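The structure under discussion appears below in the form of structure tokens.
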Amino acid sequence: MWLLLAFLSAALLGFYDSFKKKSLKDNAVIPVLFLNTLFSSLLFLPFIIISANTDWLVSTPFQTAEGGWAEHRYILLKSVIVLSSWVLGYFGMKHLPLTIVGPINATRPVMVLVGAFLVFGERLNLWQWAGVLLAVISFFMLSRSSRKEGIDFKHDHWIWMIVGAAALGAISGLYDKYLMASPADGGVGLNRMMVQSWYNIYQCGMMGLMLLLLWWPKRKHTTPFRWDWAVIGVSVFLSTADFVYFYSLSLHGAMISIVSMIRRGSVVVSFLFGAAFFHEKNLKAKFVDLVLVLLGMVCLYIGSK
């Protein structure tokens, strides 16, 4: 069951990336990100209120637990990690083709494995090393094919923003498993709906401050904000994808390494959107890079079973 939910989450993430690219086209990043966090918060606020005042959601997947500072400090840290990833990712995606951003984001499972190898001393098996190698090769080939579009991986700061966003996303994935795991398994054991609901609300507050302090005073001298209905689509698809993701992690036997790899399959959906709707260039070379990324994910999947 958790595997099917992971695949569903991957498909929804692909639509999320595509709507995000649409909403950022010729648009101000900070207001778009603020509205996304606002709409996501509004989607979950009813569950917080209903759970706190009635028994209607008891024993349902939507029940949202209450907690004090002992629980919310962990959620606040998650908000900082995720929002930092989003800020970097939104600015990078605005200035780069979706067919480049998607494959870079798909390397997150590799970052998780390499991080575990370097920080925790975990040993990788042959299949996992093959997956890491394929990801490195695909990244190198993507950098070469991107030069045809005037993008230099070494000196393009938008590329480094996407890489930073992917790295923070990998850290967030490991942290999610820690938050969801029971204390007996070395985790915190937080209610998944409490995590998803409140981290959106905390992010909304942080983005509100950024909007007022950083963007509003300079709004007349930067890219203007324009309303796009795709902004709502971003919030709906992300919230649904994350809900399915957290629910899959809460099921018995769920493995964060496998779930993380499957979710990166969202690159297929975003790549198709980039080709069909945004008419991006140099697709043949990028398709080869995409295939290498997907083969690397398959190797990681086999090696992590």
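The values are calculated or read from the model by the stated rules, or taken from the named source; none is laboratory data. Here the structure is a predicted model, which is why all the values come from computation and not from measurement. Because the Cβ atoms are built from the backbone with ideal geometry, glycine has one as well, and the counts that use them run over all protein chains shown. The protein model used for the area step is the full one, side chains on, heavy atoms only, and it has no ligands, DNA or RNA in it. Shrake-Rupley method; radii C 1.70, N 1.55, O 1.52, S 1.80 Å.
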Accessible area of the range 194-264 with a 1.4 Å probe: how many percent of it is carbon plus sulfur? 71 percent
Once you have the Cα-Cα distance between ALA65 and HIS252, take 0.36 nm times their residue separation minus that, and quote the gain in nm to one decimal. 65.3 nm
Once both label points are put 7 Å beyond Cα along the C-beta direction, the PHE287-ILE50 separation in nm becomes 4.5 nm
Choose one of TRP229, ALA254, PHE278: the residue whose Cα lies farthest towards the positive end of the charge dipole of the range 222-288 (beta-carbon charges +1 Lys, Arg; -1 Asp, Glu; about the Cα centre). PHE278
Semi-axes of the chain's equivalent ellipsoid from the Cα gyration tensor, sqrt of 5 times each eigenvalue, largest first, rounded to whole Å? 30, 26, 16
Could you give the size of the charge dipole of the chain about its Cα centre, using +1 on the Cβ of each K and R and -1 on the Cβ of each D and E, expressed in debye and rounded to the nearest 20? 920 debye
CD proxy, 222 nm, the chain: helix-only mean residue ellipticity via -39,500 (n - 2.57) per DSSP H run with n ≥ 4, per residue, nearest 500, stands at -24500 deg cm²/dmol
Please state the equivalent ellipsoid semi-axes for the range 150-305: what are the square roots of 5 times the Cα gyration tensor eigenvalues, largest first, in whole Å? 29, 26, 15
Expressed in angstrom and rounded, the centroid-to-centroid distance over alpha carbons for the range 159-224 and the range 248-305 is 22 Å
With R₀ set to 30 angstrom, the calculated FRET efficiency between the beta-carbons of TRP129 and LEU77, to the nearest 0.05, is 0.40
Rounded percent of accessible protein surface that carbon and sulfur make up, the range 1-59, 1.4 Å probe: 74 percent
In Å², and per residue, what accessible area does the chain have when probed at 1.4 Å with the other protein chains present? 48 Å²
Net lengthening on full extension, HIS155/PHE277 (0.36 nm per residue, minus Cα-Cα): 41.1 nm
Do any of LYS78/LYS177; LYS25/LYS281; LYS94/LYS281; LYS22/LYS177; LYS177/LYS286; LYS22/LYS286 go past 23 Å between their Cα atoms, and which? LYS22/LYS177; LYS177/LYS286
Roughly what percent of Cα-Cα pairs across the range 1-43 reach past 13 Å? 63 percent
Please work out whether the range 1-104 counts as rounded, prolate or oblate from its C-alpha gyration tensor, where a ≥ b ≥ c are the square roots of the eigenvalues and a/c under 1.5 means rounded, while otherwise a/b larger than b/c means prolate and anything else oblate? prolate
For the range 11-137, what does the relative contact order come out to in percent, with C-alpha contacts under 8 Å and a separation of six or more? 25 percent
